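Trainee: Attaching a single structure in structure tokens format; questions to follow.
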Amino acid sequence: MSAAYRQLLDATIAHLEHLDAQGVRSVPVLPATLAALTKRSAPAASVPARAIAPVSSPASPRPVAPAPTPGAERRLVSPRSAEPESFAAAFEGDAADFAARPAVVPIPTVNPLADKPLPPRLDPASKVLAFAALQQRVLACQQCSHLVAARHSVVFGVGDPDARILFIGEAPGADEDLAGEPFVGRAGELLTKIIGAMGLGRESVYIANILKCRPDMPGGAPGNRKPRPDEMATCNPWLHEQIDLIQPEVLVALGSTAVEGLLGGTVGITRLRGKWQSYRGIPLMPTYHPAYLLRNQVISEKRKVWEDMLEVMEKIGLPISARQRGYFLNP
Ligand code: SF4
């Protein structure tokens, strides 16, 4: 595949993801365009074998992470079963091949906050006070007058301020706007299942969004739209302060907009997912947004997200059972 064709493909994927985030569910394609695409994609079958990453399987396990250091399980020992309820059990599907992961993907970093080092950690008492003060300031924020006029609530975030993992989504939807909590709709339920499959509880991680207020819709129309760059830039300092205080060991960016909000640029989540990035020196794992999985109930897509979560678990030394390793590999 030529570099020019790869660029065109990435731009197309990014554009479709943008439309998808805006609620667009179909796009018209001329028959001639479809025929040209089909013809152009035919040589893909001859991609050299070395470009295809091996598919993980129980027979070729990932390297086992070192045992957690004492205290590493501090907030992550879930009150739930150590062998969590299967995320896989939430779906029906057949085992399938996974698309090969792309090579390391550099993305343009233009968010000026992305390289700012973390400040020293606060002592526990000071942190509690600082977190509460930050929440009060965010809840009173009125910087985006158009969003203030339409919102029901400011969605600050939820979870453990001492969490080791911080999940970051895009922006509140209608459910979140009403509840004042991120990820409470169907996508939120799925995210909670994924967290549960990792052996954790929703309360033991932290969940926040790039944008704290729901993006307004023209004329109050239903649906969601992607936050604009100016809106994300205005709100980003709030998340920046949350990260200052939480200082998680890993960030998980859910969807391309979350990546864009953090790093300032994106080349499309399809290429980025599963490839470690860095935000302020914290490892950042981009993966698909749970809403994507709800629309694409294909087991290979679920496995991709699950592999990303296995990477996260390995990164911080969480124990991984054989059963967890095999999710979506055994129909
Ligand atoms: S989106 Fe962020 S910056 Fe804008 S009003 Fe809401 S909290 Fe304030």
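The values are calculated or read from the model by the stated rules, or taken from the named source; none is laboratory data. As the structure is a computational prediction, the values presented were derived from the model and not from experiment. Backbone-built Cβ (ideal geometry, glycine too); neighbour counts: all protein chains shown. Protein only, heavy atoms only, side chains kept; ligands, DNA and RNA dropped before computing areas. Shrake-Rupley method; radii C 1.70, N 1.55, O 1.52, S 1.80 Å.
Trainee: Counting only protein heavy atoms and a 1.4 Å probe, tell me what percentage of the range 131-216's accessible area is made up of carbon and sulfur.
Mentor: 49 percent
Trainee: Turning to a different aspect of this structure: In sequence order, what are the phi-derived ³J(HN,Hα) couplings for the range 244-255 according to the Karplus relation 6.51 cos²θ - 1.76 cosθ + 1.60 with θ = phi - 60°, rounded to whole Hz, with x for glycine and proline?
Mentor: Karplus values, whole Hz, x for Gly and Pro: 3, 7, 5, 6, x, 7, 9, 10, 10, 8, 9, x.
Trainee: For a quick protection proxy, order the peptides 217-230, 253-266, 310-323 by their average other-Cβ count within 10 Å, most packed first.
Mentor: Highest-to-lowest ranking by the protection proxy: 253-266, 310-323, 217-230.
Trainee: Please give the per residue accessible area of the range 124-325, computed with a probe of 1.4 Å over protein heavy atoms only, in Å².
Mentor: Per-residue accessible area for the range 124-325 comes out at 33 Å².
Trainee: With 19 Å as the limit, write out which pairs from Lys116/Lys315; Lys212/Lys302; Lys193/Lys304 have Cα-Cα distances beyond it, or answer none.
Mentor: Listed pairs above 19 Å: Lys116/Lys315; Lys212/Lys302.
Trainee: Between Glu203 and Ala133, what FRET efficiency comes out of the Förster formula 1/(1 + (r/R0)^6) with R0 = 22 Å and r the beta carbon distance, rounded to 0.05?
Mentor: 0.50
Trainee: Relative contact order for the range 110-245: what percent, with Cα pairs under 8 Å and sequence separation of 6 or more?
Mentor: 31 percent
Trainee: Can you give me the Kirkwood hydrodynamic radius for the range 124-325, using every pair of distinct Cα atoms, in Å to one decimal?
Mentor: Hydrodynamic radius (Kirkwood, Cα only) of the range 124-325 equals 17.1 Å.
Trainee: Scan around Leu122 for amide H atoms under 5 Å from its own, H built in the peptide plane at 1.01 Å from N, and keep only partners 5 or more places away or cross-chain.
Mentor: HN-HN under 5 Å from Leu122: empty list.
Trainee: Can you tell me the length gained on complete extension of the stretch Glu314 to Ala174, counting 0.36 nm per residue apart and subtracting the Cα distance?
Mentor: Result: 47.0 nm gained on full extension.
Trainee: Test of understanding: express the Cα radius of gyration of the range 181-271 as a ratio to 2.2 N^0.38 Å, with N the residue count.
Mentor: 1.16
Trainee: Also: How large is ³J(HN,Hα), in whole Hz, for each residue of the range 173-181 in order, when computed from phi with the Karplus curve 6.51 cos²θ - 1.76 cosθ + 1.60 and θ = phi - 60°, using x for Gly and Pro?
Mentor: Computed from phi, the couplings for the range 173-181 are x, 4, 4, 5, 4, 6, 7, x, 9 Hz.
Trainee: Scan around Val205 for amide H atoms under 5 Å from its own, H built in the peptide plane at 1.01 Å from N, and keep only partners 5 or more places away or cross-chain.
Mentor: Asp160
Trainee: Starting at the first residue of the range 191-206, write each ³J(HN,Hα) from the Karplus equation 6.51 cos²θ - 1.76 cosθ + 1.60 with θ = phi - 60°, in whole Hz, x for Gly and Pro.
Mentor: My calculation for the range 191-206 gives 4, 4, 5, 4, 4, x, 5, 7, x, 10, x, 4, 6, 9, 10, 10 Hz in order.
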